[in-house]
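To keep things clear, I will list the structure first and then write my remarks on it.
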Amino acid sequence: IIKNKSILQQIEKTVPKPKVQKPKKSTAEKMQESLCVAAKLKELIGITKITPEFKFHPERRWKIDYYIEHKGKRVALEVEGGVFTGGRHINPLGFLKDMEKYNAMTVMGIFLYRCTPNEVNFNNGNVKIDAEFVENIKRVF
């Protein structure tokens with residue numbers, strides 16, 4: 001967890017914000033997409049409870065894209081969007097903030113599995129989930 005906030009503030013001033021290429025989706029649209037992906041993950045992985053947009057930290061507003069608690073294991077599935085388009089996950093400030101969030105998950109005993117939209121995707125009403133991704137998640141449990 002990053003203790004020195006002045007470092008983050010310095011980086012925020014020097015790092016250009018990525019250009020937004022698509023119009024932002026509403027919260028309701030994002031949640032509907034997340035629910036569709038969660039339903040497909042449940043079907044493919046065979047786990048009955050997958051929670052999209054799970055708030056895992058008692059003090060911070062951090063959320064996990066998809067949270068699974070099964071057979072005594074706690075797993076966060078994070079879809080790292082914008083990897084190839086200059087999104088926040090690859091700029092220095094976004095990267096540092098992600099590290100802080102991911103380290104907090106680890107301290108709380110939550111296993112993190114990261115993927116790209118090439119592996120888990122919702123586009124035009126269709127859910128696409130890569131077969132290798134599914135097999136990897138099954139191996140966790």
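The values are calculated or read from the model by the stated rules, or taken from the named source; none is laboratory data. Just so you know, these numbers come straight off a predicted model, no measurement behind them. When we count neighbours, we look across all protein chains shown, and the Cβ atoms used for this are built from the backbone with ideal geometry, even at glycine. The protein model used for the area step is the full one, side chains on, heavy atoms only, and it has no ligands, DNA or RNA in it. Shrake-Rupley method; radii C 1.70, N 1.55, O 1.52, S 1.80 Å.
Structure values in brief
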quantity: Helical mean residue ellipticity (222 nm; -39500 (n - 2.57) per DSSP H run of 4+; nearest 500) of the chain; calculated: -12500 deg cm²/dmol
quantity: Accessible surface, 1.4 Å probe, highest first, among residues LEU93, LEU35; calculated: LEU35, LEU93
quantity: Bridge type composition, the chain - antiparallel percent by DSSP, nearest 5; calculated: 75 percent
quantity: Heavy atoms of LYS138: accessible area, 1.4 Å probe, square angstrom to 10; calculated: 90 Å²
quantity: Å² of accessible area per residue within the chain, as computed with a 1.4 Å probe and no ligands counted; calculated: 66 Å²
quantity: Residues of region 101-137 with amide N under 11 Å of a point placed 7 Å along Cα→Cβ from LEU44; calculated: 118-122, 127-137
quantity: Two-site label geometry, THR51 and PHE95: point separation in nm, points 7 Å out along Cα→Cβ; calculated: 3.2 nm
quantity: Entry for Cα Rg over 2.2 N^0.38 Å (calculated from the structure that is shown) out of [x] 1.33; [y] 1.10; [z] 1.29; calculated: [y]
quantity: Among GLY87, GLY125, GLY109: highest mean-square fluctuation, GNM of the chain, C-alpha pairs under 10 Å; calculated: GLY125
quantity: Sequence of ASP130, ASP98 when ordered by accessible area, the most exposed leading, probe 1.4 angstrom; calculated: ASP130, ASP98
quantity: Anisotropy class of region 60-141 from Cα gyration tensor, a/c 1.5 cut; calculated: oblate
quantity: THR116 accessible area, 1.4 Å probe, all protein chains in place, Å² to nearest 10; calculated: 30 Å²
quantity: Accessible area of region 18-67 belonging to carbon and sulfur atoms, whole % at 1.4 Å probe; calculated: 53 percent
